[in-house]
Every structure is written in C-alpha cells, then in structure tokens.
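Read the structure below first, then the notes.
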Amino acid sequence: MDVGLTHYLVLSAILFSIGLFGALSKRNAIGVLMCIEIMLNAVNIAVVAFSRYLAPETVILTGHVFALFVIVVAAAEAAVGLAIVIALYKNRETVDVEEADSMKG
C-alpha cells in the first residue's frame, strides 16, 4: 500500500479534531495545554506532508523549517502556559479553567 498525501492529511485532520475537542471540553488547564500541543503537531504533519508531496523532485525544506518554527513556538507556549497554571494553582489551589476568571490573585 502506497502512503500518499491524502493519508497524511486525514491523520492530521483526525489529530486536529481530537485536539480541538479536548481543548474545548477539558476543564483541567494541563489537559487544555496538552490538547493544544496535539493540534500543533497535527499542523506540523500537514505542513511537512505538503512540502514532501507538492514538489517531490526538488528538495525544498520550507515545510520542515516551518514545522521547526512551530515546535519552537509550541515549546515557548508550553513554558508560558505552565507558568500561568502554576501561578493559578498557587493562588487558588485549583487548575480548573472555569475558576480562572481573573488574573488577580
């Protein structure tokens, strides 16, 4: 069986849907951060697949570089998000996103 662009895009769409559903339905802030990471990884799969299959005869690393940029942004987002979650837990002793209605301590 030959794996084509469609297979990667379907995998990317499924992962993005799972991440979106989790981000919208989770009440735990750590779970929301993890679901956002799943969505970013789904985007990375789509970007690299487009880069590989749209110009297979030439070596263009545009998709790979863009995926690396997304990974760096995701790492920074995770660091900032975890800092916010730790501050929320320190002040309110919960990580429930519905309890985080204000940033004041």
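The values are calculated or read from the model by the stated rules, or taken from the named source; none is laboratory data. None of these values were measured; they are calculated from a predicted model. Note that each Cβ is placed from the backbone with ideal geometry, even for glycine, and that neighbours are counted across all protein chains shown. All accessible areas refer to the heavy atoms of the entire protein, side chains included, with ligands and DNA or RNA removed. Shrake-Rupley method; radii C 1.70, N 1.55, O 1.52, S 1.80 Å.
Miscellaneous remarks
- Rounded to the nearest 10 degrees, the inclination of helix 5-25 to the longest alpha-carbon principal axis of the chain is 10 degrees.
- Remark: accessible surface ordering of ASP96, ASP2 (largest first) is ASP2, ASP96, probe radius 1.4 Å.
- Sequence-distant contacts, meaning Cα pairs under 8 Å at least 6 residues apart, place the relative contact order of the chain at 27 percent.
- With protein chains left intact and a 1.4 Å probe, residues in the chain average 70 Å² of accessible area per residue.
- Separation in nanometres of the label points that stand 7 Å from Cα toward Cβ, at THR62 and THR94: 4.8
- Option label - Rg and Dmax of the Cα atoms in Å computed here, alternatives (i) 17.4, 57; (ii) 16.8, 58; (iii) 17.7, 60: (i)
- Atom-type composition of the exposed protein surface of segment 1-65 places 73 percent of the accessible area on carbon and sulfur (1.4 angstrom probe).
- Per-residue [θ]222 nm for the chain (sum of -39500 (n - 2.57) over DSSP H runs n ≥ 4, rounded to 500): -26500 deg cm²/dmol
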